[in-house]
Structures are given as structure tokens and as C-alpha cells.
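Single-structure report; data block below.
FYI, it's all coordinate maths here, none of it is from the lab. Here the structure is a predicted model, which is why all the values come from computation and not from measurement. When we count neighbours, we look across all protein chains shown, and the Cβ atoms used for this are built from the backbone with ideal geometry, even at glycine.
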Amino acid sequence: MSSKIETKKVLTTEDIDRIIQMAWEDRTPFEAIEIQFGLPEKEVIRLMRQQMKPNSFAMWRKRTHGRSTKHAAKRSEEVDRFKCTLQRVITYNKISKR
């Protein structure tokens, strides 16, 4: 008999802030959040529900639901990045120095 043990990463306040920021960005797919933080889309939605006011969460869900740029599999082949051009260079959640 085998048991599945899940190891959950403890998110810092900075991690949570960054996940929320990435979730609000139109061009950042959920897959990018999963790569950086290990949170699948379902967990991102749960985190957003916990961290946001109900009206803000509803607005975010309406905005992201069905949006092709939020899912890598639905994206156009022309979109080959997940960062906004105005966003600072970020590598694994570390903001590079100018």
C-alpha cells in the first residue's frame, strides 16, 4: 500500500504578492506561475479567492475565464513570451538590478 505525500511550499508574503501580480497580467499564463511557484491553475484560483475581496475576485475571474493568453496551450504561436514588455526582467521571482 503506497501513500501519496504532497509537499507544499510555504509561500512568503512576497511570493503571494508576485503570484497575484502575475495572475492579473494578461500575457502571463498559469503555466508560468506553476513553473516558478509550483502552483497549478486550480491552486492559483484558490489563492486569489483567499487573498482578494469578493468583488475583485469576481472581476478577475471574469477577466481571465477563457482568455487564450492565460493558457499556454491556447496561445497563438506568435506569442513566445509571458512577460509584459513594460515589466522588469524577472528570473525565478528575482528582480534584476538595473
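Laid out as a table, the results:
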quantity	calculated
Sparsely packed GluC sites (Glu not before Pro) within the range 3-66, loop by DSSP, other Cβ within 10 Å at most 14	E6
Debye, to nearest 20: dipole size of the range 24-71, +1 on Lys, Arg Cβ, -1 on Asp, Glu Cβ	320
T13-N55 FRET efficiency (beta carbon distance; Förster radius 22 Å; 0.05 resolution)	0.45
